[in-house]
Amino acid sequence: MENPVIVSLQDIVVDFDGEPILTGLSLDIHDKEFVTLLGPSGCGKTTTLRVIGGFVEPKSGKVLFNGKDIKSLPPYKRPVNTVFQKYALFPHLNVYENVAFGLRLKKMDEKEIHSRVMEMLETVGLKGFERRSIAKLSGGQQQRVAIARGLANHPKILLLDEPLGALDLKLRKEMQIELKRLQQAMDITFIYVTHDQEEALTMSDTVVVMNKGHIQQIGTPEDIYNEPKNAFVAEFIGESNIVDGVMRRDFMVEFAGASFSCVDKGFAVNEIVQVVVRPEDIQVVPAIQGTLTGVVKDVIFKGVHFEMRVEQAGYEWIIHSTQASQPGELIGMNIGPEEIHIMRRMEE
Amino acid sequence: MLKNKSLAYPYLVWMAIFIAAPLLIVVYFAFTTAEGKFTLNNLTGIAPYTAVFARSLLLAGAATIICLVMAYPVSYFLSRMRANKQHIMLMLVMLPMWMNFLLRTYAWMTLLEKNGIINKILGFFGIGPLQMINTAGAVILGMVYNYLPYMILPLYTAMVKIDDSLIEAAQDLGAGTWRTLTRVLIPMSAPGIATGITMVFVPSVSTFIISRMLGGGGNMLIGDLIELQFLGNSLNYNVGSAMSLLLMVVVLLCMSLTNTMGDEDVEGVI
């Protein structure tokens, strides 16, 4: 049930002052999806967004919109709108006029503008704020105006550049749900840029993990979290234990001095691999029953769970468990076959 | 920080002696005869010089518009440059201001003269010699040349505060270059425009050196007229004061006009 591709980036090359930012990036974005570009700062995610918005013209490559190349189309002719990182609201206009800005440029008639603006302000929960000056709004309210302004033009795609970065945690959580709701209500494509993995997992239909100008993995949040393709993705998305191991044969891997059955196959015999185990996937058992045994170094209370660091034969494991062990205690650790993720070693 | 208001007293004293008192003296002279009796004759006596007032306003207005048109794009590109380049360019803009005002204007005299450098160069191409010195155009040129930095600086100051993302937002919402300019850049830089206009128009309208050196006898401005009343042949403090007073009123009117323009644009059209 995959939707048709609405934007296709093909072999995009961008560099700033000779410094390469994107080196041949290709990416298909499907219609009506909530797509998140996720990665650390400097990974090229914002540049990718700006290529789609028309603010950065790639040195080479194609930007296809519904199959048509829009690479040299200026931003004001593109059927996309942007919510900027610092909101970029016009301080000389009030809330109403900010939202109406794009509509006035289209020379719509005043009645239609009015109904569209009011509808948008209602959608983002800012009814009654029309005459308010931008300077008198809180960060969260400014954010909502910026979103309403972007959506008022009825774009095919809304681009969002780390729009929640400046908000506090509680507001950010609220806005995440709000944005997801908006995307579904408007039934358009959202392309969202963030460095916050939790945000990406919460809202997205598809997550694109980027690093150093390259796409590391594309997939659903579940895929990305449960089946990271490489150590970078595994480390970037949530906490992980990553250790070197050897694939003895199909469905059998050896690491940390013990053999484990797993669900992976297709590796060469005795191929050296990397093994990812999520902290919450390690079961704590009495020492005598554990495949691995280790000594608890410290325990930190994290709210829902305890985070423990366990020393085992030179390895350090991070475990999330609802039951706390005592520091210094000898414990056993078991890992189920389903919880072991095998990755080919990353070439650095 | 500073809580002690008495620190401002020295300036208050200064203001009283050198600003308020002279102003009162000017008002006194403007409304009295040489014998010290109240009269309105000084003000009505200005009537024959209406043409000079009109010329002053016209030339200063033209110079201000030229400065604005020239300075606006320069200030914009200046404000978009990298910080270190901005500083160098600003230095270059201000460089002429560090040279003596008279010297700069004399330089233009030698350039514009009948046998001046420009006419000589034009002569090589078989053009001219053109009458450039002692024209209204030369006076405007002198005003533009001398006061252009005063237009660039406030415009630049207003424009560096406009974040790039606002310009991008305008384009993103469908505004091309022209509408980005008229709907975002100009309204947002309106305070700078108002300041720039004031800072160029006020000295231009009251100048007397530029018009005398570059305008010859035929382009007398209010400044020259006033000077004549105090130092020249006509020597009449009372009429001179009346003229000064009228000039102040004209300038105040112009300033309040530009200021309200700036305010309205800033507050928004609604």
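Listed by first and then second residue, the pairs linking a residue in the range A:52-66 that is among the aliphatic types (A, V, I, L, M) to a residue that is in a loop (DSSP other than H, G, I, E, B), with Cβ atoms under 7 Å apart and 6 or more places separating them unless they lie on different chains, are A:Val63/A:Ile70; A:Val63/A:Lys71. Residues that are over 30 Å from A:Glu119 (Cα atoms) number at least 1 in the following helices (runs of 4 or more DSSP H) confined to the range A:150-261: A:197-203, A:221-226, A:231-236. Report yes if some residue within the range A:139-150 is at the interface with chain B (Cβ under 8 Å from one of its Cβ atoms) and not small (Gly, Ala, Ser); otherwise report no. Within the range A:139-150, one or more residues are at the interface with chain B (Cβ under 8 Å from one of its Cβ atoms) and not small (Gly, Ala, Ser).
Across the range A:104-117, not a single residue is classified as of a type outside the set (Ser, Thr, Tyr), closer than 21 Å to A:Gln183 by Cβ and within 8 Å of chain B (Cβ to nearest Cβ).
Looking only at residues that are within 14 Å of chain A (Cβ to nearest Cβ) and under 26 Å from B:Ser204 (Cβ atoms) in the range B:137-169, which one is surrounded by the most Cβ atoms within 10 Å (Cβ to Cβ)? Even if it seems obvious, please write down each step before you answer.
So the first thing to find is which residues in the range B:137-169 are within 14 Å of chain A (Cβ to nearest Cβ), and the list is B:158-159, B:161-169.
From the residues that got through so far, the ones that are under 26 Å from B:Ser204 (Cβ atoms) too are B:158-159.
Values: B:Ala158: 22, B:Met159: 19.
Filtering first and then ranking leaves B:Ala158.
Where helices (runs of 4 or more DSSP H) fall entirely within the range B:105-179, those with at least 1 residues that are under 30 Å from B:Pro191 (Cβ atoms) are at B:136-160, B:164-172. Scanning the range A:8-45 for residues that are aliphatic (A, V, I, L, M) and within 15 Å of A:Ser204 (Cα to Cα) turns up A:Ile29, A:Val35, A:Leu37, A:Leu38.
Only one of A:Ile70, A:Ile147 is over 21 Å from A:Gln183 (Cα atoms), touching a helix residue (DSSP H, G or I) at 6+ places or on another chain (Cβ under 9 Å), surrounded by 14 or more Cβ atoms within 10 Å (Cβ to Cβ) and assigned by TED's automatic domain parsing to the domain that holds A:Gln176; which?
Details: A:Ile147 fails: over 21 Å from A:Gln183 (Cα atoms).
Going through A:Ile70, A:Ile147 in turn, the sole match is A:Ile70.
In the range B:170-188, what residues are more than 8 Å from chain A (Cβ to nearest Cβ), touching a residue at least 60 places away in the same chain (Cβ under 8 Å) and crowded, with 18+ Cβ neighbours inside 10 Å? Within the range B:170-188, B:Leu185 is the sole residue that qualifies.
Annotation note: of A:Lys62, A:Lys107, A:Lys127, the sole residue that is within 22 Å of B:Ala175 (Cβ to Cβ) and not in a helix (DSSP H, G or I) is A:Lys107. Here is the figure for the range B:227-247: residues that are closer than 13 Å to B:Leu43 by Cα and part of a helix (DSSP H, G or I) total 11.
Residues of the range B:40-55 being touching a Ser or Thr at 6+ places or on another chain (Cβ under 8 Å) and touching a residue at least 12 places away in the same chain (Cβ under 8 Å), which ones?
Passing the criteria: only B:Asn42.
Considering A:Thr36, A:Thr46, A:Thr82, the condition of being within 26 Å of A:Gln176 (Cβ to Cβ), outside any helix (DSSP H, G or I) and within 14 Å of chain B (Cβ to nearest Cβ) is satisfied by A:Thr82 alone. When you check A:Leu121 against the structure, is it assigned to a loop (DSSP other than H, G, I, E, B), assigned by TED's automatic domain parsing to the domain that holds A:His195 and either among the hydrophobic types (A, V, I, L, M, F, W, C) or buried (at least 19 other Cβ atoms within 10 Å of the Cβ) (or both), yes or no? So A:Leu121 fails the test. May I ask you to list pairs of residues, at least six apart or on different chains, whose Cβ atoms are under 6 Å apart, with the first in the range A:199-215 being closer than 17 Å to A:Leu25 by Cα and the second being of a type in the set (S, T, N, Q)? Taking only residues 6 or more apart or on different chains, the pairs are A:Val207/A:Thr36; A:Val209/A:Gln216; A:Val209/A:Gln217; A:Gly213/A:Thr23. For the range B:189-228, taking the residues that are within 14 Å of chain A (Cβ to nearest Cβ) and more than 20 Å from B:Val144 (Cα to Cα), the one that is surrounded by the fewest Cβ atoms within 10 Å (Cβ to Cβ) is identified as B:Pro191. A:Glu112 meets each of the listed conditions (1) part of a helix (DSSP H, G or I); (2) closer than 27 Å to A:Glu162 by Cβ apart from (2).
The values are calculated or read from the model by the stated rules, or taken from the named source; none is laboratory data. Please read all numbers here as calculations on a predicted model, not as lab measurements. Positions of Cβ are generated from backbone atoms using ideal geometry, with glycine treated the same way; all protein chains shown enter the neighbour counts.
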